[in-house]
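Accompanying notes for the structure given below.
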Amino acid sequence: MMVEYWQRLFHEKRYLAVRNTNPKYTTLASAFGIKSIYCDNEEELPEKMKDFLFNDPDKPVLFHVRVERTPCLPLVAPGQRLENMILEDA
């Protein structure tokens, strides 16, 4: 999201390589015989995190956590001083 945010703010919305389609990581893990865990909500995160960290300590485990797209703040625009830091989404 950081690169997309910079392209929106400083490069007249000329987006490049920011809206990529990711593979289904759980399917990819399965193809390699790797256990995978998927989490897309905050309520289940603690339980799934415990599963990821402790239930199979001697095996590879893929943990796919879907997160909300948010701007990467604070940031300093190109050529600007630290005093002009952007602290909030415009």
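The values are calculated or read from the model by the stated rules, or taken from the named source; none is laboratory data. From a predicted model like this one, the values you see are computed outputs, not experimental measurements. Neighbour counts run over all protein chains shown; Cβ positions are idealised from the backbone, glycine included. SASA here: full protein model, heavy atoms, side chains in, ligands and nucleic acids out. Shrake-Rupley method; radii C 1.70, N 1.55, O 1.52, S 1.80 Å.
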Practice prompt. Starting from the amide H of SER36, placed 1.01 Å from N in the peptide plane, find each other amide H under 5 Å away whose residue is 5 or more places distant or on another chain.
Written response: LEU62
Practice prompt. State, to one decimal in nm, how far the label point of TYR15 lies from the label point of VAL65, with both points 7 Å from Cα in the Cβ direction.
Written response: 2.5 nm
Worksheet, complete the sentence: In order over region 40-45: 3J(HN,Hα) from phi, Karplus 6.51/-1.76/1.60, θ = phi - 60°, whole Hz, x for each Gly or Pro, gives 10, 8, 5, 5, 8, 4
Worksheet item: How far apart, in nm, are two points set 7 Å out from the Cα along the Cα-to-Cβ line at GLU47 and at GLU88?
Response: 3.8 nm
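How large is the Kirkwood hydrodynamic radius of the chain, counting all unique pairs of alpha carbons, in Å? Write down the numbers at each step before the final one.
On the way: mean 1/r = 0.0616 Å⁻¹.
Hydrodynamic radius (Kirkwood, Cα only) of the chain equals 16.2 Å.
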Worksheet item: In sequence order, what are the phi-derived ³J(HN,Hα) couplings for region 22-34 according to the Karplus relation 6.51 cos²θ - 1.76 cosθ + 1.60 with θ = phi - 60°, rounded to whole Hz, with x for glycine and proline?
Response: 7, x, 7, 4, 5, 5, 4, 4, 4, 4, 9, x, 9
Worksheet item: Between LEU53, MET1, PRO23, whose Cα lies farthest towards the positive end of the dipole of the chain when Lys and Arg beta carbons carry +1 and Asp and Glu beta carbons carry -1, centred on the Cα centre?
Response: PRO23
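Carbon and sulfur together cover what percent of the accessible area of region 13-90 at a 1.4 Å probe radius?
Details: 3590 of 6750 Å².
On region 13-90, the fraction of accessible area on carbon and sulfur atoms equals 53 percent.
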Worksheet item: With every protein chain left in place, what is the accessible area per residue of the chain in square angstrom, probe 1.4 Å?
Response: 84 Å²
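Placing unit charges on C-beta atoms (Lys and Arg positive, Asp and Glu negative, everything else neutral), compute the dipole magnitude of the chain about its Cα centre in debye, rounded to 20.
On the way: 12 positive and 14 negative charges, 102 e Å.
Around 480 debye, computed over the chain.
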Worksheet item: Taking θ as phi - 60°, what are the ³J(HN,Hα) couplings along region 64-71 by the Karplus curve (6.51, -1.76, 1.60), each to the nearest whole Hz, with x for Gly and Pro?
Response: 9, 10, 7, 10, 6, 6, 9, x
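Using helices alone, what [θ] at 222 nm do you get for the chain, with -39,500 (n - 2.57) per DSSP H run of 4 or more residues, divided over all residues and rounded to the nearest 500? Let's see the in-between values first.
Details: 3 runs with 22 residues, N = 90.
-6500 deg cm²/dmol, from helical runs alone.
So for region 47-90, Kirkwood radius off the Cα pairs, Stokes-Einstein at 25 °C and 0.890 mPa s: how many µm² s⁻¹? List each step's numbers first, then the result.
Working: Rh = 14.2 Å.
So the translational diffusion coefficient is about 173 µm²/s.
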